[in-house]
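Peer 1: Below is a structure I'd like to ask you about.
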Amino acid sequence: MSTTSKNVQMILNGTISSLSTVIPVKLDVLPPSMTVQPYVQKELSVLIGLVGDIKGRLLIDASEKAIDLIGQAMFGMKIEGEMVESFTGELGNMVAGNLCTALENEGVQLDISPPTVMTGQTKMYGFKQAFNLPIQLEGGTMLTILLTIDEE
């Protein structure tokens, strides 16, 4: 197995593990697929850069409904107004930080950039290949994880 495909598999598995640890709702992980640019975000996402042994980006694409569902499960309160963007960034930090810890256990050194929250319909360019990992939350609400790997 090539280093890139091994790294992608490790990051995807680490991300799934991290999501399961951080998000206290039932998750149904659907099969990943390759995606090409531009990636179009519909409503709300958080982008986190990955640097270290693996370079790339992790994007968590969600809806306000998904963010509210996760926030209510974590804090027992509605996530609305200005809290939506703030909590989306924090969720990205928690997932990516947990991913770094999981990969460190595999001998992979990884660091993350501060989260960038994007709202509205946004097109993302600037990646050769990306892996799209759909996650269905309880009640049918979807999250999409987009993983881009920058090859050396």
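Peer 1: Under 16 Å Cα-Cα from residue 26, which aspartates and glutamates qualify once same-chain neighbours fewer than 8 residues away are excluded?
Peer 2: Hits, sequence-local ones excluded: 68, 138.
Peer 1: Once the Cβ-Cβ distance between residue 116 and residue 142 is put in as r, and R0 is 22 Å, what FRET efficiency do you end up with, to the nearest 0.05? Write down the numbers at each step before the final one.
Peer 2: Numbers: r = 21 Å, r/R0 = 0.95.
The pair residue 116/residue 142 has a calculated efficiency of 0.55.
Peer 1: Which value, in Å², gives the accessible area per residue of the chain when a 1.4 Å probe is used on the protein heavy atoms?
Peer 2: Numbers: 7550 Å² over 152 residues.
Result: 50 Å² per residue.
Peer 1: Rank-order 118-129, 10-21 by packing density, defined as the average count of other C-beta atoms within 10 Å over each peptide's residues, highest first.
Peer 2: Working: 118-129: 12.9, 10-21: 19.2.
Ranking, from highest mean packing down: 10-21, 118-129.
Peer 1: Measure nothing fancy, just the Cα-based angle from helix 83-104's long axis to the longest principal axis of the chain, in degrees from 0 to 90, nearest 10.
Peer 2: Taking Cα atoms only, the helix is inclined about 30 degrees.
Peer 1: Then there is this: Holding the Cα-Cα limit at 28 Å, pick out from 6/42; 6/65; 65/123; 42/128; 6/78 the pairs that are longer than that.
Peer 2: Numbers: 6/42 30 Å; 6/65 34 Å; 65/123 21 Å; 42/128 21 Å; 6/78 39 Å.
Going by Cα-Cα distance, 6/42; 6/65; 6/78 fall outside the 28 Å limit.
Peer 1: Right, another one. Computed on alpha carbon atoms, what radius of gyration and Dmax characterise the chain, expressed in Å?
Peer 2: In Å, with Rg to one decimal and Dmax whole: 14.5, 46.
Peer 1: Whenever you get a sec, compute what percent of the accessible area on segment 30-147 sits on carbon and sulfur atoms (1.4 Å probe). Mind dumping the intermediate values first?
Peer 2: On the way: 2990 of 5710 Å².
Carbon plus sulfur share of accessible area: 52 percent.
The values are calculated or read from the model by the stated rules, or taken from the named source; none is laboratory data. Keep in mind that what you see is a predicted model, and the values were worked out from it rather than measured. Counting neighbours? That spans all protein chains shown, and the Cβs are built from the backbone with ideal geometry, glycine included. For the accessible areas, the whole protein counts, side chains as well, though only heavy atoms, and no ligand, DNA or RNA atoms are used. Shrake-Rupley method; radii C 1.70, N 1.55, O 1.52, S 1.80 Å.
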